[in-house]
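The values are calculated or read from the model by the stated rules, or taken from the named source; none is laboratory data. Keep in mind it's a predicted model, so treat the numbers as computed, not measured. Reconstructed Cβ throughout: ideal geometry from the backbone, glycine too, with neighbour counts over all protein chains shown.
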Amino acid sequence: MNRLDIGMPVRSKKQTPGAEATDKERLRVNDLLIGLDDVSFNKFAKRCEFIPFNKGDVLLEEGASLDFTYLVIKGRVRVVQRDEGNVDIVYREIYEGGWFGEIAAFDKGRRTAAVHAMTDGVMAAMPRAVFLNLILEQRQIAVKVLESLAGVIRSSNRRFSEVSSYSGVQRVYLRLLEIAESDPMDDSVLIIDNMPSHVQLANDAMTSKEAVARAISQILQENVAKRITGKLKITQPDTLKRLATQV
């Protein structure tokens, strides 16, 4: 049985000697397990396999069968699904401390989306039976899992509502407004300190790179925003909000 068949990553590198102790320390403060007493933590941690990954790795393919729940103990991953138009729909990003694969642990279903590594990192693979025992034995962890699933459902509903209500260009503007922050030098202006690439914006807004290019070009030409090295300053936030939501 290959790694994909048992729900393990498509590609991964071998763990370096001495790294397991550090990874176990990171696992100790994972959001799912934090708060466990030492005995309970060690009981579950010893059943996990630590799996390093590289930026760009496809960790899990869409359609893979899963026998594991994965806890991200270092780095960041993205859950995506490719639609009929060959556009990657980004469901969520999972950062250090998060986890994924819990739905398949409950229903034994196959992956409905792929998981891509956005940075180098490490994840801990917890066998399905171990994860279910954890849920049954630790009520506070069961609550965390339910809260996480509720958040995923709410986020998915919001994003699919945006797809049905707004054009691709408008969804780009909504995403820009979502990640922008008030300029500390001028609270009438918004600023994006680390401007995402067109590819990332297209994924986040569930649209094409061409739509992103059109959207950015429009607000630059109309002086709604201006570029500063690596940043985007939104000088007319109200105008951008109008462009994002007008029918």
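Structure data summary
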quantity: Residues being within 21 Å of the chain's Cα centre (by Cα) and assigned to a strand (DSSP E or B) - total across the stretch 109-143; calculated: 11
quantity: Only listed residue being of a type in the set (Val, Ile, Thr) and within 30 Å of ILE103 (Cβ to Cβ), chosen from ILE192, ILE153; calculated: ILE153
quantity: Of residues in the stretch 193-240 being part of a helix (DSSP H, G or I) and of a type in the set (Asp, Glu), the one modelled with the lowest pLDDT; calculated: ASP204
quantity: Test: residue in the stretch 22-35 that is part of a helix (DSSP H, G or I), at pLDDT below 90 and surrounded by 13 or more Cβ atoms within 10 Å (Cβ to Cβ); calculated: yes
quantity: Residues within the stretch 77-125 that are modelled with pLDDT under 85, surrounded by 16 or more Cβ atoms within 10 Å (Cβ to Cβ) and basic (Lys, Arg), tallied; calculated: 2
quantity: Test for ALA150: is it under 30 Å from GLN81 (Cα atoms) and in contact with a helix residue (DSSP H, G or I) (Cβ under 7 Å, 6 or more places away or on another chain); calculated: no
quantity: Scope the stretch 152-192; condition within 20 Å of LEU220 (Cβ to Cβ) and assigned to a helix (DSSP H, G or I); matching residues; calculated: GLY168, VAL169, GLN170, ARG171, VAL172, TYR173, LEU174, ARG175, LEU176, LEU177, GLU178, ILE179
quantity: Residue count, the stretch 181-226 (criterion: of a type outside the set (S, T, N, Q) and at positive phi); calculated: 1
quantity: Candidates LEU232, LEU220, filtered to the one that is in contact (Cβ under 8 Å) with a residue 24 or more places away in the chain, outside the structural domain of PHE100 (by TED's automatic domain parsing) and farther than 20 Å from MET118 by Cβ; calculated: LEU232
quantity: GLU181 outside the structural domain of HIS116 (by TED's automatic domain parsing), over 23 Å from the mean Cα position of the chain (by Cα), modelled with pLDDT of 90 or more and charged (D, E, K, R); calculated: no
quantity: Counted residues, the stretch 198-217 - those being without any contact (Cβ under 8 Å) to a residue 24 or more places away in the chain and polar (S, T, N, Q); calculated: 2
quantity: Single unsatisfied condition, ARG110 versus (1) touching a Ser or Thr at 6+ places or on another chain (Cβ under 6 Å); (2) of a type in the set (Lys, Arg); (3) over 29 Å from VAL199 (Cα atoms); calculated: (3)
quantity: The stretch 119-143 residues that are free of Cβ contacts under 8 Å to residues at least 12 places away in the same chain and outside the structural domain of GLN200 (by TED's automatic domain parsing), paired with ones that are in a helix (DSSP H, G or I) and small (Gly, Ala, Ser) (beta carbon under 7 Å, 6 or more apart); calculated: ILE135/ALA142
